[in-house]
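Novice: Have a look at the structure that comes next, please.
The values are calculated or read from the model by the stated rules, or taken from the named source; none is laboratory data. What you see is a predicted model; the values in this text were computed from it and never measured. Neighbour counts are summed over all protein chains in view; Cβ atoms, including those assigned to glycine, are modelled from backbone coordinates with ideal geometry.
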Amino acid sequence: MAAAKTQPIGTGDDADMFKTVSINRVSQSIIDQIKLLLREGRLKPGDRLPSERELCERFGVSRVTVREALRVLEASGLIDIRVGARGGAFVTSPTSQQIGEGLADLMNLSPMSAPQVTEARQIFELGIVSLVVERATDEDIAALRDMLELHQEALDRGEYSMALSADFHVRVAACTHNPTIEMLVQSFHGPLLMSLIEAQAVAPTMGRRGTAEHVEFVDAIAARDAERALSIMREHLQRTADRVREM
């Protein structure tokens, strides 16, 4: 992160950066203004916002209102509030985990059916297979094999759940070493699990066959056989799609 500026943003030549807000949804107006400044590049990671007192004067609101807006911005990962002599509100960038959690909330609250989720999986998960085969490291492959050993043990104990299958698919996406892909798949975990549970209602023993295919898929990755890996995953996802359509 860039070093904090000695002079806060919003003073001097930038004094007109913030505008007085209306009384309706006051804190949201402050949040919207700061987000706009971020999009425009007038605020950048590392910049320090003016003090609470200065923000109150510039926005024309109470300190309580400013603090409410800052708390929301901090929860969104857009600012970092530090205490102490050199403290204040500093502009930052949200992590992929924070973005993923926000997307997950939206997806989990959206009305999506199992067939729709599985259709999206067929497009997305098949699309990343070539990257997975190309970029998976020896450590990635070892981690997938360790995961599948635990899954097999759970099957033997009769304790296998669809959550384990969902975790496998999320871990496969991590093998792309693309933070955006990982974030999207993590945010999709809830709908993915929902679709697998519905598929299991049609085929209660699907975990055993699915785990076997997971093993074959990892073997194909280890062999750097993209065509074989794609064929296994296509059949794997198609069977899930067929099952959820039977619901």
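Novice: Those residues that are of a type in the set (Ser, Thr, Tyr) and closer than 17 Å to Ser161 by Cβ, I need them from the stretch 200-243; list them, please.
Specialist: Residues of the stretch 200-243 of a type in the set (Ser, Thr, Tyr): 205, 211, 231, 240.
Of everything in the stretch 200-243, those that are of a type in the set (Ser, Thr, Tyr) and closer than 17 Å to Ser161 by Cβ turn out to be Thr205, Thr211, Thr240.
Novice: Next question, about the same structure. I'd like to verify a number: residues in the stretch 61-80 that are in contact (Cβ under 8 Å) with a residue 24 or more places away in the chain, crowded, with 19+ Cβ neighbours inside 10 Å and not polar (S, T, N, Q), how many?
Specialist: 6
Novice: Please pick out the residue among Leu164, Leu192 that is within 20 Å of Asp242 (Cα to Cα) and crowded, with 20+ Cβ neighbours inside 10 Å.
Specialist: Working: Leu164 fails: within 20 Å of Asp242 (Cα to Cα).
So the residue among Leu164, Leu192 that is within 20 Å of Asp242 (Cα to Cα) and crowded, with 20+ Cβ neighbours inside 10 Å is Leu192.
Novice: When you scan the stretch 120-188 for helices (runs of 4 or more DSSP H) that lie fully inside it, which ones turn up with 2 or more residues that are in contact (Cβ under 8 Å) with a residue 24 or more places away in the chain, polar (S, T, N, Q) and assigned by TED's automatic domain parsing to the domain that holds His236? Break it down into steps so the answer makes sense when it comes.
Specialist: On the way: elements: 129-135, 138-157, 162-174, 179-187.
Correct list: 179-187.
Novice: Would a scan of the stretch 107-117 turn up a residue that is within 19 Å of Phe217 (Cβ to Cβ) and assigned to a helix (DSSP H, G or I)?
Specialist: The answer is no; no qualifying residue exists.
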